[in-house]
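> This structure is in structure tokens; I'll ask about it shortly.
Computed from the coordinates by the stated procedures, all read-outs in this text should not be read as laboratory data. Please read these numbers as outputs of a predicted model, since none were measured by experiment. All Cβ positions, glycine included, derive from the backbone under ideal geometry; neighbour counts span all protein chains shown.
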């Protein structure tokens, strides 16, 4: 019985390792007429279904303050990498760049981030 349980545990770990961390692979930032920004962010993650998928990305100041969060409502198993947008993001005056990071439902944050320069408003 112990050998069977060990094998099940190893299989569970292997499954979690396959999907890995969610990473931001691209981003487009567009200034809006109201002074906010629109972010089109591309995330890569080995989504496996509802138990393990990229579930959010966020825009941060360089010192780590969260400026906006885009919640991802479902897995993207057959759409990798995938791009989702968020409009109305307010960025404090004088900020020249932001950091974008993605999260998955098992590992949290930890994949590749992307630092992007903001276009003029």
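> Expected output is a single nm value to one decimal: the length gained when fully extending between residue 50 and residue 26, i.e. 0.36 nm times separation in residues minus the C-alpha distance. What is it?
Once the chain is fully extended between residue 50 and residue 26, it gains 6.2 nm.
> Tell me, 53, 109 in order of fewest to most beta-carbon neighbours within 10 Å?
109, 53
> In what sequence, highest mean first, do 81-92, 97-108 appear when ranked by Cβ atoms within 10 angstrom?
With the highest mean Cβ count within 10 Å placed first, the list reads 97-108, 81-92.
> Once you have the Cα-Cα distance between residue 73 and residue 97, take 0.36 nm times their residue separation minus that, and quote the gain in nm to one decimal.
The span from residue 73 to residue 97 would gain 5.9 nm if fully extended.
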